[in-house]
Amino acid sequence: MSQHLSRRAVLTRTGLALAGSLYRLKGAACEGGVDISTPLKVHASRKGLLFGSAASQRYLKSDPAYAALFAQQCGVLVPEGELKWNVLRPTPDSYNFGPADWMYEFTRTHNLKFRGHTLAWWQALPGWFSSYANQGNARRLLEEHIATVVGRYSGKMHSWDVVNEVVDPYDKRADGLKTKPWLELAGPEYIDFSFQSARAADPNALLVWNENHLEINDTWSRGKRKALLSLLAEKLKRKIPIDAVGLQTHVSTTDPSFDNKEFKTFVRKIADLGLRIIISEIDVIDHDAPANTSIRDEKVAGTYSNYLDLILKEKQVIAVLTWGLSDKYSWLAKFKPREDGLPVRTLPFDDCLAGKKAFTAIANAFDWAPDRSPMG
Ligand code: G3I
């Protein structure tokens, strides 16, 4: 507890000392930022960790300052939409790899790792899917999709989110799996064959089970944690090739605390299964935080600190990926705008690409994390 308080105090002092000057875009109506001269990817790599973020082709292409910041700060790029079915599959018989290939080229140019998101998800399906997919063709459709898409980037991917958000206790199945659409169409074994097809298409990429809403002290989250652990244990026993769990971590400044024994035990149990852990989509929802920028930034940064200080103690955690780098392009601006109309301030960089207290919180969490590099 006292350790947390002193870290927050350090964070506050750092924020105050550096606010006002160090990173400012010409002509932008922005506050100055914190010192970002040591990029987040460097803070992470000193401890044998990866730092990266999700981004869209549209903004990397149209905003050179943002693209430069991305390349400077990140070691991993996750296409936010370019590898989803609704972009990749204009028709049942065709593929559109243009946007994803562009993203891959971006990673080559800037020496970043490329991460695949996502193969079997209930959202972002193309318009034709609901009338075309049925119990007779769904397995073939999914297996072919995985073979083609994973095959195209074989040897080039750091990791693939093979299944995404597939546990939902509210669907009231004994195994806790979500029913729609893949389970109803292809049976519960779709998870097994998705991982097997992905492994066959790329033997080297880490194969990830990516889940949301696992860290909160509520009934849904508790049910998800319990179901996920037993599903993972059962599948690993049958040698289904799962390498890692992705904890999405879309947390909020007003969430009930996740600094608790239950969550720590859950994370340890994943590690005990021999799985690696990727913090795959972290951002901090500031929808209900105070309007005052400084107070709001403090709360957002404090939430990053509380979560990362806790989770990075677990040495099986190998990467921290934020869901977006700058507030300017955060999905939350569209999906969870503030009622007072103020811009959301959820990520390490603000609308003007200036580093915020959240940047310092993430950098400090890396600095204080135990070393997992081979020599550490
Ligand atoms: O590209 C079209 C554009 O042509 C069109 O004019 C515009 C009109 O609204 O829509 C654009 O597509 C949007 C797309 O994001 C790109 O901005 C879609 O409507 C919108 O639904 C889509 O939302 C994405 C969402 O996943 C669904 O794919 C969000 O950006 C993305 O941040 C979000 O990411 C998910 C992860 O994949 C899984 N975990 C949760 C996370 C947040 O919801």
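Values quoted throughout were computed directly from the atomic coordinates according to the rules given, and no laboratory measurement underlies them. If you're wondering where the values come from, they're calculated on a predicted model, not measured in any experiment. Ideal geometry is used to build each Cβ from the backbone, glycine not excepted, and the neighbour counts take in all protein chains shown.
What number in nm² do you get for segment 220-336 if you take the convex hull of its Cα atoms and divide its surface by four?
Average projection, Cα convex hull of segment 220-336: 8.0 nm².
Cα-Cα over 24 Å: which of Lys224/Lys313; Lys313/Lys357; Lys226/Lys334; Lys180/Lys313?
The pairs that break the limit, which is 24 Å between Cα atoms, are Lys226/Lys334; Lys180/Lys313.
Using Cα pairs under 8 angstrom and six or more residues apart, how large is the relative contact order of the chain, in percent?
19 percent
Rank the residues Ile318, Ile270 as a footprinting-exposure proxy: fewest other Cβ atoms within 10 Å of their Cβ go first.
Ascending Cβ contact count within 10 Å gives the list Ile318, Ile270.
In which sequence would Glu189, Glu211 go, from the one with the fewest C-beta neighbours within 10 Å to the one with the most?
Sorted ascending by nearby Cβ count, the order is Glu189, Glu211.
Where in the chain is the longest stretch that carries no trypsin sites (Lys or Arg not before Pro) classed as loop by DSSP and with at most 11 other Cβ atoms within 10 Å?
Result for the longest clean stretch: 27-171.
Rounded to two decimals, what is the ratio between the C-alpha radius of gyration of segment 2-368 and 2.2 N^0.38 Å?
In units of the globular-protein estimate, segment 2-368 measures up at 0.97.
Quick one: Karplus J couplings for segment 238-250, per residue in order, coefficients 6.51, -1.76, 1.60, θ = phi - 60°, nearest Hz, x for Gly and Pro?
8, 6, 5, x, 9, 9, 8, 10, x, 9, 4, 6, 8
Can you tell me the 0 to 90 degree angle between the C-alpha axis of helix 219-237 and the longest principal axis of the chain, rounded to 10?
50 degrees
In degrees from 0 to 90, rounded to the nearest 10, what is the angle of the helix 138-152 Cα long axis to the longest principal axis of the chain?
Roughly 50 degrees, rounded to the nearest 10.
Within the chain, what percent of beta bridges assigned by DSSP are antiparallel, to the nearest 5?
Rounded to the nearest five, the antiparallel share is 5 percent.
For Leu214, enumerate residues with amide H under 5 Å from its amide H, sequence gap 5+ or separate chain, H modeled in the peptide plane.
Counting only residues 5 or more places away or on other chains, the set is Thr249.
Using all Cα-Cα distances in segment 284-376, what percent lands in each 5 angstrom bin from 0 up to the longest?
3, 14, 23, 23, 16, 10, 6, 3, 1, 0
For Gly48, enumerate residues with amide H under 5 Å from its amide H, sequence gap 5+ or separate chain, H modeled in the peptide plane.
Arg372, Ser373
Tell me, what are the semi-axes, in whole angstrom and largest first, of the equivalent ellipsoid of segment 166-259 as set by the roots of 5 times the Cα gyration tensor eigenvalues?
Semi-axes (√(5λ), whole Å): 25, 17, 11.
Between their Cα atoms, which of Lys235/Lys315; Lys47/Lys264; Lys235/Lys336; Lys178/Lys239; Lys156/Lys239 are more than 29 Å away from each other?
Lys235/Lys336
What whole number of Å gives the distance from the Cα centroid of segment 236-306 to the Cα centroid of segment 129-178?
So the separation of the two Cα centres works out to 24 Å.
Using the crude model of +1 on Lys and Arg Cβ and -1 on Asp and Glu Cβ, and no other charge, please compute the dipole size for segment 2-368 relative to its Cα centre, in debye to 20.
740 debye
Run lengths n ≥ 4 of DSSP H only: what is the helix-derived mean residue ellipticity at 222 nm for the chain, with -39500 (n - 2.57) per run over all residues, to the nearest 500?
-12500 deg cm²/dmol
Between 0 and 90 degrees, rounded to the nearest ten: what's the tilt of helix 64-73 against the longest Cα principal axis of the chain?
90 degrees
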